[in-house]
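Let me give you the structure first, and then I'll get to my questions.
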């Protein structure tokens, strides 16, 4: 069978700003700095970029960024909805543009001052979820008003069913912070966490989410350049092919407030996504060397591991406790420390870590060579060597 | 106008109003302009019994700022089959159970008539 055109694309460049709690720069400058780093990483110049992709939630206008970078002309722009669940969809949008011929080199960017500026995790952040508390609605006015609460609500019934405790969640956080402790880019570089410290941290949403179950809020920017597989072979970096890039949204699904469908419908959604990853790439998600799982809050790692079939339903607790996701484990997860340990650039920095592992450039480089990486959230990728 | 206006007009009168397709009979919530099963735009508004069961919950209490009225937020399934997010009054975290039967009422909170619930006096069938 001939490969899907979408999979004849590659990630040619990645770039980031420093990550901090107070950048002291505008969001547009963060976007421009990260973008330039990604373009140069690929061995390209701004004149080579002819498409742009970002999130609907990003406040940086494409044309403002174009002007800042000195890009002579754009032929393609698009944005993904769904917040961080759309992070991997940016790659799909860019790959679709390249493989269809609509654009030749697409710049993906995400940049914000979500710590020093608008606190992203707060109900009053207006972070694209609606006008918190300003008019009556089915969630905010009932105090169901933050992303942390939405994950807690989703996870409560699961935790009851499978006997998962806060301590079980803490074991994942300890492994994430261990990865972060040896990543100089990470907010928690040289700051590992003990299970006791996790258990002593305050509740954010009782009885599921403690302080250390939450991702960071970060000031920073991250960017990626996508082009064709053929062109990537002639560029500066080892080729990272996009073997699969997909989204899946079952009927009655909602982003953040996913309270209106059955567990069976959610399971079917996860299964179909796995089938699509297999159809595009020829491999199943659990056949990868490592995984980057969307980790805004610890519950999303648990559910992500099981949705992608890296372990069975209800088995994430044992999978994590046995050390599979940590250093030296059989399925290393979030080797940069993830969104909890490195930075929260809405998932884009987790894609970048996957790229670095394939190139052999990660601060926590896995030994023996990384050929296939799963990047998973509400959208998903399989990246790898050509 | 918004599709959800009908729910809040009912709420102001203490009535739990949910949309039902006038052609195929499918209940839907939150309100939507078209039936996802038969694509009809003909809709009835049905007053529900208020009987429901608890599927999941969280205690909403701000972690660092004093919060004098922590609220229990619950995900419910109505006896009519659709789902609803509401607040549960009079039950502490330690007494929460999956499947707990509740009855829905409306109460004004922060200026809005909001769906609240309490433990059902009798177990729903």
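Laboratory data are not the source of any read-out in this text; all were calculated from the coordinates shown. Quantities reported herein were computed from a predicted structural model and do not represent experimental measurements. Glycine gets a Cβ as well: all are built from the backbone with ideal geometry, and neighbour counts include every protein chain shown.
At q = 0.13, 0.16, 0.24 Å⁻¹, what is the base-10 log of I(q)/I(0) for the range B:51-119 according to the Debye formula with one equal point scatterer per Cα and no solvent? Please give it to two decimals.
The Cα Debye sum returns log10 ratios of -0.35, -0.53, -1.08.
Let me ask you something else. Can you sort B:6, A:370 by how many other beta carbons sit within 10 Å, fewest first? Present the calculation step by step, with values, prior to reporting the outcome.
Details: B:6 16, A:370 23.
Lowest to highest Cβ neighbour count: B:6, A:370.
Using Cα pairs closer than 8 Å and at least 6 residues apart in sequence, work out the relative contact order for the range B:51-119, in percent.
For the range B:51-119, the relative contact order is 32 percent.
What FRET efficiency, computed as 1/(1 + (r/R0)^6) with R0 = 45 Å and r the Cβ-Cβ distance, is obtained for residue B:108 and residue A:191, rounded to the nearest 0.05?
Efficiency, from the Cβ-Cβ distance: 0.45.
Could you work out the helix-only [θ] at 222 nm for chain A, with each DSSP H run of four or more residues adding -39,500 (n - 2.57) and the total divided by the number of residues, to the nearest 500 deg cm²/dmol?
Values: 12 runs with 131 residues, N = 386.
Rounded to the nearest 500, the figure is -10000 deg cm²/dmol.
7 Å from Cα along Cα→Cβ at both residue A:20 and residue A:263: what's the point-to-point distance in nm?
Spacing of the two 7 Å Cα→Cβ label points: 4.7 nm.
Mind pulling the angle between the C-alpha long axis of helix A:87-100 and the longest principal axis of chain A? Nearest 10 degrees, somewhere in 0 to 90.
Long axis of A:87-100 versus the principal axis of chain A: about 30 degrees.
Quick one: of the DSSP bridges fully inside the protein assembly as shown, what percent are antiparallel, nearest 5?
Expressed as a percentage, antiparallel bridges in the protein assembly as shown total about 80.
OK, next. Taking each residue of B:49-62 in turn, how many C-beta atoms of other protein chains fall within 10 Å of its C-beta, and what is the average?
Mean number of neighbouring Cβ atoms from other chains: 5.
While we're on this one: If you line up the long axis of helix A:27-41 against the longest principal axis of chain A, both from Cα atoms, how many degrees apart are they, to the nearest 10?
60 degrees
While we're looking at this one, here's another question. Hey, fewest Cβ within 10 Å first, where do A:174, B:54, A:106 land in order? Numbers along the way, then the final one.
Numbers: A:174 18, B:54 23, A:106 29.
Fewest-to-most Cβ neighbours within 10 Å comes out as A:174, B:54, A:106.
Kindly provide the helix-only [θ] at 222 nm of chain B, computed as the sum of -39,500 (n - 2.57) over DSSP H runs of four or more divided by all residues, to the nearest 500 deg cm²/dmol?
-1500 deg cm²/dmol
Given the convex hull of the Cα atoms of the range A:292-366, what is a quarter of its surface area in nm²?
Numbers: hull surface 18.6 nm².
So the mean shadow area of the Cα hull is 4.6 nm².
Distance in nm between label sites at residue A:100 and residue A:251, each 7 Å beyond Cα in the beta-carbon direction?
2.6 nm
Fewest Cβ neighbours within 10 Å first, please rank A:292, A:57, B:34 accordingly.
If I rank by nearby Cβ atoms, fewest first, I get B:34, A:57, A:292.
Further question: Which residues among the range A:85-103 fall inside the zone where the amide N is under 19 Å from a point 7 Å beyond the Cα of residue A:56, along Cα→Cβ?
Label zone hits: A:85-94.
Explain nothing, just the number: relative contact order of chain B, from Cα pairs under 8 Å at least 6 residues apart, as a whole percent.
Relative contact order for chain B comes out at 22 percent.
For peptide A:141-150, compute the average count of partner chain beta-carbon atoms within 10 Å of each residue's beta-carbon. Could the numbers behind the result be given before it?
Values: counts 8, 13, 16, 9, 2, 2, 0, 2, 4, 1.
Across A:141-150, the average partner-chain Cβ count within 10 Å equals 6.
Shielding of A:250-258 by partners, i.e. mean partner chain Cβ atoms within 10 Å per residue?
Partner-chain Cβ atoms within 10 Å, mean over residues of A:250-258: 1.
Also: Give, in whole angstrom and from largest to smallest, the semi-axes √(5λ) of the equivalent ellipsoid of the protein assembly as shown, with λ running over the eigenvalues of the Cα gyration tensor.
The equivalent ellipsoid of the protein assembly as shown has semi-axes of 40, 26, 22 Å.
PRE reach from residue A:182 (point 7 Å along Cα→Cβ): which of the range A:348-368 fall under 12 Å by backbone N?
A:363-367
Could you work out how far apart the two model spin labels at residue B:118 and residue A:47 are, taking each label as a point 7 Å from the Cα in the direction of the beta carbon, and quote it in nm?
7.6 nm
Going highest first, how would you order A:38-50, B:85-97 by mean Cβ packing within 10 Å?
Most protected by this proxy first, the peptides run A:38-50, B:85-97.
To test your reading of the geometry: what angle, between 0 and 90 degrees and rounded to tens, separates the Cα axis of helix A:348-359 from the longest principal axis of chain A?
Orientation of helix A:348-359: about 70 degrees from the principal axis.
Report the calculated FRET efficiency for residue B:69 and residue A:67 (r = Cβ-Cβ distance, R0 = 51 Å), to the nearest 0.05. All intermediate terms of the calculation are to be shown ahead of the outcome.
Working: r = 49 Å, r/R0 = 0.96.
Calculated transfer efficiency: 0.55.
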